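Read-outs throughout are calculated quantities, based only on the coordinates presented, and are distinct from any laboratory measurement. What you see is a predicted model; the values in this text were computed from it and never measured. Note: ideal-geometry Cβ built from the backbone for every residue, glycine included; neighbour counts use all protein chains shown.
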Amino acid sequence: EAQVTQNPRYLITVTGKKLTVTCSQNMNHEYMSWYRQDPGLGLRQIYYSMNVEVTDKGDVPEGYKVSRKEKRNFPLILESPSPNQTSLYFCASSSLERGFTGELFFGEGSRLTVL
Amino acid sequence: QKEVEQDPGPLSVPEGAIVSLNCTYSNSAFQYFMWYRQYSRKGPELLMYTYSSGNKEDGRFTAQVDKSSKYISLFIRDSQPSDSATYLCAMDEYGNKLVFGAGTILRVKS
């Protein structure tokens with residue numbers, strides 16, 4: 001089954017404790033992206049990657065890191081989480097084979113709480 | 001001012017009604033326009049995609065883009081309780097940085 005898998009789905013952590021949210025897709029997609037979703041603000045892009053070893057900042061990259069060492073994986077790293085990073089996080093992927101089609105495939109989301 | 005504005009609702013309609021959802025935007029360079037649907041506790045899924053201006057129809061759904069007014073719409077005909085969800089508009093300039101609206105909550109009552 002074609003899917004984007006995120007882990008963990010739920011996490012409560014404390015300020016300053018480094019954490020990684022993993023994202024893996026099995027569709028051989030070139031494009032991957034991370035979003036955070038907050039009430040009233042919608043989905044905001046954190047980072048995106050057009051292919052392996054190619055990453056770029058989105059609109060809200062502060063406090064986050066990413067890497068794209070393999071095509072299928074795109075982990076999101078919070079080196080020193082703060083309470084303002086409490087949010088619902090989504091990973092998404094898309095094929096670029098036939099150009100832009102508007103279709104992002106989203107994971108189920110990871111709800112992160114930073115105390 | 002946000003780049004994409006969308007009324008959060010909630011919008012509550014009876015089953016069978018025609019629903020109109022809208023977004024306005026400020027960046028005239030946007031050329032890709034999408035509508036995503038998000039059910040509770042799920043990730044968004046693509047509903048409609050339009051390139052540049054014009055209309056697109058798919059079953060009960062019609063998407064309209066008016067670039068001169070910087071205004072996009074999604075119409076749902078014969079709405080069903082299963083259409084109850086949050087609808088997100090999204091736009092992109094180059095095809096790599098989608099900008100989403102905040103989403104409109106739709107409730108269709110049977």
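Which residues' amide hydrogens lie under 5 Å from the amide hydrogen of A:LEU96, considering only partners 5 or more residues apart or on another chain, with H built in the peptide plane?
A:GLU30, A:TYR31
So which residue, out of A:GLY42, A:GLY63, A:GLY16, gets the largest mean-square fluctuation from a GNM of chain A using Cα contacts under 10 Å as springs?
Maximum fluctuation in the GNM of chain A, among the listed residues, is at A:GLY42.
With every atom except the alpha carbons ignored, what do you get for Rg and Dmax of chain B, in angstroms?
13.2, 41
Under a straight-distance cross-link criterion of Cα-Cα below 25 Å, which lysines are reachable from B:LYS67, leaving out those fewer than 8 residues away in the same chain?
B:LYS2, B:LYS56, B:LYS97
Among B:14-22, B:35-43, what's the highest-first ranking by average C-beta atoms within 10 angstrom per residue? Mind showing how you got there, number by number?
Numbers: B:14-22: 14.4, B:35-43: 17.6.
So the peptides B:14-22, B:35-43, ranked by packing, come out B:35-43, B:14-22.
How many lysine pairs does chain A hold where the Cα atoms are under 19 Å apart and the two sit 8 or more places apart or on different chains?
Working: A:LYS17/A:LYS65; A:LYS18/A:LYS65; A:LYS57/A:LYS65; A:LYS57/A:LYS69; A:LYS57/A:LYS71.
Taking the Cα cut-off of 19 Å, the pair count is 5.
Shielding by partners for B:92-99, please: the mean number of other protein chain Cβ atoms within 10 Å of each residue's Cβ. Display every interim value, and only then the final one.
Details: counts 2, 0, 1, 7, 11, 7, 11, 6.
Across B:92-99, the average partner-chain Cβ count within 10 Å equals 6.
Could you tell me the distance between the Cα centroids of the range A:59-115 and the range B:36-110, to the nearest Å?
Each part's Cα centre sits 22 Å from the other's.
Using mean Cβ contacts within 10 Å as the protection proxy, how do B:102-108, A:64-70 order, highest first?
Working: B:102-108: 20.1, A:64-70: 15.4.
Ranked by mean Cβ neighbours within 10 Å, highest first: B:102-108, A:64-70.
How big is the protein assembly as shown in terms of Cα radius of gyration and Dmax, in angstroms?
17.5, 51
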